[in-house]
Ligand SMILES: Cc1cc2nc3c(=O)[nH]c(=O)nc-3n(C[C@H](O)[C@H](O)[C@H](O)COP(=O)(O)OP(=O)(O)OC[C@H]3O[C@@H](n4cnc5c(N)ncnc54)[C@H](O)[C@@H]3O)c2cc1C
């Protein structure tokens with residue numbers, strides 16, 4: 001690795017690479033492009049400002065700290081310092097480019113409503129000063145404007161979207177590229193802030209013990225997860241992905257969110273495994289289609305800018321939500337008296353992640369049984385998920401709440417007892433996360449309030465004391481939810497299903 005000293009006859013004007021949600025060296029189009037024109041300087045900005053997106057939730061901050069530590073170390077091994085700055089990139093990037101006398105600035109594209117004008121302003125400022133700007137597709141396989149319906153519109157339904165998108169995904173994923181050879185540069189005028197000074201890790205209280213035990217943020221951890229998934233779980237993904245007690249999914253979501261692994265690598269790894277072993281076709285295709293949902297969600301927030309904050313179906317904007325803080329708190333804490341719901345909420349709190357099936361169950365319970373606004377649930381997920389993602393989170397919540405594009409109809413209300421019995425029949429998941437119910441026989445594990453007194457006593461369960469009584473009665477709650485929908489139907493025009 002060479003180090004160029006800027007100011008001592010550099011071979012070429014340096015390039016600046018702005019790392020954002022792409023905290024990796026492998027298959028990084030901006031890095032590849034920058035490396036072709038000379039020495040590089042790498043920067044990450046903790047973007048702060050009222051028009052600079054939603055402040056990071058607690059779990060995202062924890063992840064970001066460790067992910068930046070990892071990226072910093074990987075770059076340092078190549079002789080490149082990752083410069084950390086906090087503030088507004090509209091000032092910081094042009095300022096840094098100026099100090100470096102950079103010939104070009106490169107970044108991978110993001111698709112948020114707030115980030116697009118910011119990027120455009122920076123690009124205009126730089127090009128106005130004669131600095132070249134390169135922006136690249138990296139976090140998705142299909143950019144939101146690439147996949148169109150036959151009449152040139154945007155897809156609002158997943159299946160036809162994915163049918164049209166999949167060939168593009170295949171072609172684009174073929175172009176995966178390893179990390180390029182890099183030359184760093186040092187410039188005493190440019191001083192990095194310290195990661196510690198950003199205070200991203202929780203203190204007083206430090207709730208991150210479970211996250212530490214569960215995750216290895218960074219490129220190596222991401223690659224390890226991908227390899228393990230392809231080797232051990234892909235062959236049974238179609239069925240296994242519905243069983244929350246099984247580690248049958250990839251656990252790649254936070255790695256993908258932070259771009260520690262490229263979506264092309266993930267897609268290609270699945271494709272290669274499917275080619276090598278035709279018996280993986282069906283399961284592999286289910287996995288690819290889940291990656292497709294990620295593409296679909298990104299194009300939703302791109303085309304409908306208020307999608308993260310507003311019900312996509314306008315008729316739902318008048319929904320009579322209850323907005324009751326003590327009810328919301330019981331749900332957040334995993335104290336609803338419905339074991340599968342409480343197990344999910346506790347898994348989330350402890351590990352920063354929740355199984356997809358259980359995400360659907362707890363979300364349905366919040367918006368239908370408890371009639372709380374989906375945005376309250378989305379906000380809690382935003383704060384507690386290590387994979388909290390503006391597009392996937394809003395899309396997931398709106399899908400469950402019935403108000404999103406291609407959503408589950410609102411009148412389809414999950415029964416938390418039968419969902420538990422179907423997807424956690426042996427109770428392994430509930431027993432792990434709700435240990436106070438561990439001694440209950442399977443027959444009552446998902447409905448402890450129906451257990452005879454002697455069974456409860458024999459299992460050490462005292463409802464209302466060691467474990468809550470149900471916060472609502474399932475049948476009554478179901479009826480209330482349907483009544484709320486019926487009242488909405490009378491008062492608004494527009495699509496409700
Ligand atoms: C209410 C709700 C909220 C959600 N919030 C988020 C979120 O904030 N961030 C997030 O990444 N996912 C979210 N999801 C989608 C999904 O639950 C997670 O992506 C998945 O559980 C992550 O685990 P995994 O990586 O093992 O997934 P796998 O099953 O291994 O899937 C592989 C990858 O595909 C993508 N993916 C899978 N399912 C979906 C989906 N339904 N929508 C979009 N992308 C998907 C993810 O990037 C995931 O890592 C949410 C789902 C619901 C129902």
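Would you please state which residues of the range 390-417 a label at residue 495 would reach in this model, taking the label point 7 Å out along Cα→Cβ and a backbone N cut-off of under 18 Å?
Residues passing the 18 Å test: 395-412.
At 7 Å along the Cα-to-beta-carbon direction for both residue 88 and residue 132, put a label point, then send me their distance in nm to one decimal.
About 3.0 nm, to one decimal.
Determine, for 424, 27, the number of other Cβ atoms within 10 Å of each Cβ, and report the residues in order from fewest to most.
Working: 424 25, 27 22.
So the residues, fewest neighbours to most, are 27, 424.
What shape does the range 126-187 have by the C-alpha gyration tensor, where a ≥ b ≥ c are the square roots of the eigenvalues, rounded means a/c under 1.5, and otherwise prolate means a/b greater than b/c and oblate the rest? Please list the in-between numbers first.
Numbers: a/c = 4.20, a/b = 1.87, b/c = 2.25.
Oblate, since a/c reaches 1.5 and b/c is not below a/b.
Note the full-extension length gain between residue 36 and residue 77 as 0.36 nm times their separation in residues minus their Cα-Cα distance, in nm to one decimal. Walk me through the numbers on the way to the answer.
Values: separation 41, 0.36 × 41 = 14.76 nm, distance 1.95 nm.
Extra length from residue 36 to residue 77 when fully extended: 12.8 nm.
Would the range 3-138 count as rounded, prolate or oblate if I go by the C-alpha gyration tensor, calling it rounded below 1.5 in a/c and otherwise prolate when a/b exceeds b/c, oblate otherwise?
Values: a/c = 1.77, a/b = 1.22, b/c = 1.45.
Oblate, because a/c is 1.5 or more while a/b does not exceed b/c.
List 368, 246 from most exposed to least, where exposure is judged by having the fewest other Cβ atoms within 10 Å.
Numbers: 368 24, 246 15.
Sorted ascending by nearby Cβ count, the order is 246, 368.
Rg and Dmax of the range 260-397 over Cα atoms: what are they, in angstrom?
Final numbers for Rg and Dmax: 17.2, 53 Å.
With r as the distance between the Cβ atoms of residue 475 and residue 329 and R0 = 22 Å, compute the FRET efficiency 1/(1 + (r/R0)^6) and round to 0.05.
Numbers: r = 24 Å, r/R0 = 1.09.
E between residue 329 and residue 475, to the nearest 0.05, is 0.40.
Kirkwood hydrodynamic radius (Cα pairs, Å) of the range 314-489?
Values: mean 1/r = 0.0609 Å⁻¹.
About 16.4 Å for the range 314-489.
Counting only Cα atoms, I'd like the Rg/Rh figure for the chain, Kirkwood definition for Rh. Walk me through the numbers on the way to the answer.
On the way: Rg = 24.3 Å, Rh = 24.4 Å.
With Rg and the Kirkwood Rh in hand, the quotient comes to 1.00.
So for the pair residue 317, residue 383, with labels modelled 7 Å out along Cα→Cβ, what separation do we get in nm?
So the two model labels end up 2.7 nm from each other.
Given 0.36 nm per residue, what is the gain on full extension from residue 124 to residue 309 after removing their alpha carbon distance, in nm? Kindly include the intermediate steps, with their values, before the conclusion.
Details: separation 185, 0.36 × 185 = 66.60 nm, distance 2.88 nm.
Using 0.36 nm per residue and subtracting the Cα-Cα distance, I get 63.7 nm.
For the range 89-204, take N as its residue count and report Rg(C-alpha) divided by 2.2 N^0.38 Å. It would help to have the intermediate numbers written out before the result.
Numbers: Rg = 19.2 Å, N = 116, 2.2 N^0.38 = 13.4 Å.
Rg over 2.2 N^0.38 Å, computed on Cα atoms: 1.43.
Counting other beta carbons within 10 Å of each Cβ, put 258, 287, 162 in order, fewest first. Write down the numbers at each step before the final one.
Working: 258 29, 287 25, 162 20.
In increasing order of surrounding Cβ atoms, one gets 162, 287, 258.
Classify the range 327-368 as rounded, prolate or oblate, taking a ≥ b ≥ c as the square roots of the eigenvalues of its Cα gyration tensor: rounded when a/c is under 1.5, otherwise prolate if a/b is larger than b/c and oblate if not. It would help to have the intermediate numbers written out before the result.
Details: a/c = 1.68, a/b = 1.17, b/c = 1.44.
Note, shape of the range 327-368 comes out oblate.
Separation between the residue 213 and residue 275 pseudo-spin-labels, each 7 Å from Cα along Cα→Cβ, expressed in nm?
Label at residue 213, label at residue 275, 4.1 nm between them.
Helix-derived [θ] at 222 nm for the chain: sum -39500 (n - 2.57) over DSSP H runs of at least 4, divide by residue count, nearest 500? Can you show the working numbers first?
Working: 21 runs with 231 residues, N = 497.
After summing the helix terms and dividing by the residues of the chain, the value is -14000 deg cm²/dmol.
Since every read-out is calculated from the coordinates, none of them should be taken as a lab result. Just so we're clear, the structure is a prediction, and the values are computed from it rather than from any experiment. Cβ: placed from backbone, ideal geometry, glycine included. Neighbour counts: every protein chain shown.
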